[in-house]
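Chemist: Quick one: structure below, then a few questions.
The values are calculated or read from the model by the stated rules, or taken from the named source; none is laboratory data. Small disclaimer: the values here were computed from a predicted structure and weren't measured. When we count neighbours, we look across all protein chains shown, and the Cβ atoms used for this are built from the backbone with ideal geometry, even at glycine.
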Amino acid sequence: MSGREVTIRTLTAAAEIDAADWDRLANPPVREDAAAAFDYNPFLTHAFFDACEKSGSACPETGWLAQHLLLVDADGRALGLLPCYLKNHSQGEYVFDHGWADAFERAGGQYYPKLQASIPFTPATGRRLLVGNGEDAEQRRLMLGAGLQEVCRRHGTSSAHTTFLPKDEWEGLGSQGYLQRNDQQFHWKNNGYKSFDEFLNELSSAKRKVIRKERRRALEDNGVTIEWLTGAQLTEEIWNDFYQFYIDTGSRKWGQPYLTRDFYTRIGKSMADDILLIMAKREGRYVAGAINFVGSHTLFGRHWGCVEDHPFLHFEVCYYQAIDYAIANGLARVEAGAQGEHKLARGYMPQITYSAHYIPHPGFRDAVEDYLEHERAAVERESRLIAEHGPFRKAAKND
């Protein structure tokens with residue numbers, strides 16, 4: 001895609017762009033005249049994508065062929081970036097389109113390969129149209145949106161999917177002809193709490209009692225202690241332990257875990273200060289743990305694993321300890337990953353998520369558009385009803 005001054009290229013690896021250029025677009029420095037600073041998002045960094053690809057986790061052999069869209073000017077300067085992959089399956093995405101694939105192929109079409117603009121294996125909301133903070137940012141976003149459509153047409157793929165967008169990008173792509181989809185997650189919001197008990201005081205009495213009981217049983221009754229590890233504490237020995245948790249739980253949950261052992265070594269070297277491991281220890285050895293990534297305002301919980309099963313330890317390690325860390329470090333929210341209505345009783349409230357989908361085939365597009373119209377209404381209705389039955393006291397809800 002070309003214009004008088006700009007061109008869009010496709011890159012087959014994050015390594016094909018300088019890390020400083022990538023990060024300048026993904027997590028730009030704050031301008032003095034900016035109305036608001038960008039949230040730093042560790043999943044948008046060059047280091048994260050590079051680790052996914054070079055570790056063999058997101059690579060052609062696993063069905064992830066990088067097709068990153070890079071917008072450059074006449075001098076070759078990077079102006080915009082849309083991380084994207086050509087995929088021959090729908091694993092590792094968390095926005096489910098298997099039904100679309102089945103319907104299209106039953107009608108004689110070929111759904112795969114498709115284009116997927118997302119963070120591999122990561123259902124975390126964040127910018128996808130990475131254009132820095134220049135004055136012409138909106139124009140660059142439009143160019144990237146149009147560029148993805150053009151790449152889809154040139155590849156002859158069935159569709160292009162941009163998932164876990166912020167709402168403003170979702171609306172912008174909608175104006176360019178992308179179909180709009182919603183789902184929901186459960187996030188915890190920090191209302192300026194100074195302690196976990198202060199947070200508990202906003203819950204109903206019954207919920208407070210349940211959470212206190214769960215925390216006691218997870219730790220005291222099991223003889224478990226918790227450690228928060230980050231930075232230089234993330235040694236190869238620690239990663240060996242954590243990977244065993246991931247493999248054990250991931251094999252039972254997904255059949256085949258997505259991430260390789262080398263992925264953890266790479267992120268441990270390149271982004272250790274962005275990582276928080278919450279590790280549970282019993283009788284002198286680690287028995288469970290959860291990996292989190294730390295943004296400027298958000299703690300992103302990703303996956304957990306264990307080699308010993310103990311009642312309520314999952315809730316403690318993944319949810320309650322994350323809240324403790326967010327309060328202690330002044331973070332505004334905890335995103336605890338995909339799905340899970342069980343999070344509601346633990347103070348995590350429903351949050352709408354957004355994805356945008358380009359489908360060039362007119363008949364297929366019409367069918368999906370009709371489906372999404374009903375699905376959006378159902379998601380909004382369910383989210384509202386769930387929130388109305390949340391764990392907070394009525395007085396706290398009305399504050």
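Chemist: Among the candidates Asn133, Asn222, single out the residue that is in a loop (DSSP other than H, G, I, E, B), more than 27 Å from the chain's Cα centre (by Cα) and among the polar types (S, T, N, Q). Outline the logic, then answer.
Modeler: Details: Asn133 fails: more than 27 Å from the chain's Cα centre (by Cα).
Of the residues listed, the single one that is in a loop (DSSP other than H, G, I, E, B), more than 27 Å from the chain's Cα centre (by Cα) and among the polar types (S, T, N, Q) is Asn222.
Chemist: Would you check which residues across region 1-39 are modelled with pLDDT under 95 and either of a type in the set (Gly, Ala, Ser) or not in a loop (DSSP other than H, G, I, E, B) (or both) and list them?
Modeler: Ser2, Gly3, Val6, Ala34, Ala35, Ala36, Ala37 - these are the residues of region 1-39 that are modelled with pLDDT under 95 and either of a type in the set (Gly, Ala, Ser) or not in a loop (DSSP other than H, G, I, E, B) (or both).
Chemist: A follow-up question, please. Can you tell me which residue among Ala124, Ala58, Ala20, Ala117 is among the aliphatic types (A, V, I, L, M) and either more than 18 Å from Ala338 (Cβ to Cβ) or without any contact (Cβ under 8 Å) to a residue 24 or more places away in the chain (or both)?
Modeler: Working: Ala124 fails: either more than 18 Å from Ala338 (Cβ to Cβ) or without any contact (Cβ under 8 Å) to a residue 24 or more places away in the chain (or both); Ala58 fails: either more than 18 Å from Ala338 (Cβ to Cβ) or without any contact (Cβ under 8 Å) to a residue 24 or more places away in the chain (or both); Ala117 fails: either more than 18 Å from Ala338 (Cβ to Cβ) or without any contact (Cβ under 8 Å) to a residue 24 or more places away in the chain (or both).
That would be Ala20, the only listed residue that is among the aliphatic types (A, V, I, L, M) and either more than 18 Å from Ala338 (Cβ to Cβ) or without any contact (Cβ under 8 Å) to a residue 24 or more places away in the chain (or both).
Okay, residues lined up against (1) part of a strand (DSSP E or B); (2) assigned by TED's automatic domain parsing to the domain that holds Pro311:
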residue: Arg127; (1), (2): no, no
residue: Leu142; (1), (2): no, no
residue: Gly145; (1), (2): no, no
residue: Gln180; (1), (2): yes, no
residue: Arg208; (1), (2): no, yes
residue: Ile211; (1), (2): no, yes
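Chemist: On to the next question. Just the residues that are assigned to a helix (DSSP H, G or I), over 30 Å from His155 (Cα atoms) and in contact (Cβ under 8 Å) with a residue 40 or more places away in the chain, please, taken from region 376-392.
Modeler: Correct list: Val379, Glu380, Glu382, Ser383, Ile386.
Chemist: Of all residues in region 334-372, which are within 24 Å of Thr157 (Cβ to Cβ) and either charged (D, E, K, R) or modelled with pLDDT under 95 (or both)?
Modeler: First, pick out the residues of region 334-372 that are within 24 Å of Thr157 (Cβ to Cβ): 353-372.
Arg365, Asp366, Glu369, Asp370, listed by residue number.
Chemist: Here is a follow-up. Condition test on Glu373, is it touching a residue at least 12 places away in the same chain (Cβ under 8 Å), surrounded by fewer than 17 Cβ atoms within 10 Å (Cβ to Cβ) and assigned by TED's automatic domain parsing to the domain that holds Phe164? Step through it out loud before you land on a result.
Modeler: On the way: touching a residue at least 12 places away in the same chain (Cβ under 8 Å): no; surrounded by fewer than 17 Cβ atoms within 10 Å (Cβ to Cβ): yes; assigned by TED's automatic domain parsing to the domain that holds Phe164: yes.
Taking the combined requirement at face value, the residue does not satisfy it.
Chemist: If I filter region 324-338 for residues that are in contact (Cβ under 8 Å) with a residue 24 or more places away in the chain, of a type outside the set (Phe, Trp, Tyr), at positive phi and touching a Gly at 6+ places or on another chain (Cβ under 7 Å), do I get at least one hit?
Modeler: yes
Chemist: Another one. Just for region 263-279: of the residues that are buried (at least 22 other Cβ atoms within 10 Å of the Cβ) and more than 18 Å from the chain's Cα centre (by Cα), which one is farthest from Gly301 (Cα to Cα)?
Modeler: Of everything passing the filter in region 263-279, Met279 is farthest from Gly301 (Cα to Cα).
Chemist: Filter region 343-362 down to residues that are in a helix (DSSP H, G or I) and touching a residue at least 24 places away in the same chain (Cβ under 8 Å) and give me whichever is surrounded by the fewest Cβ atoms within 10 Å (Cβ to Cβ).
Modeler: Step one: list which residues in region 343-362 are in a helix (DSSP H, G or I), which gives 343-346, 362.
Remaining after also requiring touching a residue at least 24 places away in the same chain (Cβ under 8 Å): 343-346.
Numbers: Lys343: 22, Leu344: 17, Ala345: 19, Arg346: 21.
My answer is Leu344.
Chemist: Please specify each residue of region 288-316 satisfying the condition of being surrounded by fewer than 24 Cβ atoms within 10 Å (Cβ to Cβ) and outside any strand (DSSP E or B).
Modeler: Gly295, Ser296, His297, Val307, Glu308, Asp309, His310, Pro311, Phe312, Leu313, His314, Phe315
Chemist: If you check Ala206, Ala218, which single one turns out to be among the hydrophobic types (A, V, I, L, M, F, W, C) and loosely packed, with under 12 Cβ neighbours inside 10 Å?
Modeler: Details: Ala218 fails: loosely packed, with under 12 Cβ neighbours inside 10 Å.
Just a single option satisfies the conditions, and that option is Ala206.
Chemist: Need the failing condition index for Lys209 against (1) within 28 Å of Asn329 (Cα to Cα); (2) touching a residue at least 40 places away in the same chain (Cβ under 8 Å), just the number.
Modeler: Answer for Lys209: the failing condition is (2).
Yes or no, residue by residue, for (1) under 17 Å from the mean Cα position of the chain (by Cα); (2) closer than 19 Å to Tyr246 by Cβ; (3) of a type in the set (Phe, Trp, Tyr):
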position: Ile291; (1), (2), (3): yes, yes, no
position: Gly295; (1), (2), (3): yes, no, no
position: Phe315; (1), (2), (3): no, yes, yes
position: Ala322; (1), (2), (3): yes, yes, no
position: Tyr325; (1), (2), (3): no, no, yes
position: Gly347; (1), (2), (3): no, no, no
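Chemist: Here is a follow-up. Mind listing just one residue for me: the one in region 197-206 that is part of a loop (DSSP other than H, G, I, E, B) and touching a residue at least 24 places away in the same chain (Cβ under 8 Å) and, of those, farthest from His389 (Cα to Cα)? Walk me through how you get there before you give the answer.
Modeler: Step one: filter region 197-206 for residues part of a loop (DSSP other than H, G, I, E, B), giving 201-202, 204.
Filter once more, keeping what is touching a residue at least 24 places away in the same chain (Cβ under 8 Å): 202, 204.
Working: Glu202: 14, Ser204: 11 Å.
Restricting to residues being part of a loop (DSSP other than H, G, I, E, B) and touching a residue at least 24 places away in the same chain (Cβ under 8 Å), the top hit is Glu202.
Chemist: Tell me whether region 247-262 contains one or more residues that are buried (at least 20 other Cβ atoms within 10 Å of the Cβ) and over 19 Å from the mean Cα position of the chain (by Cα).
Modeler: No, there is no match, as no residue in region 247-262 is buried (at least 20 other Cβ atoms within 10 Å of the Cβ) and over 19 Å from the mean Cα position of the chain (by Cα).
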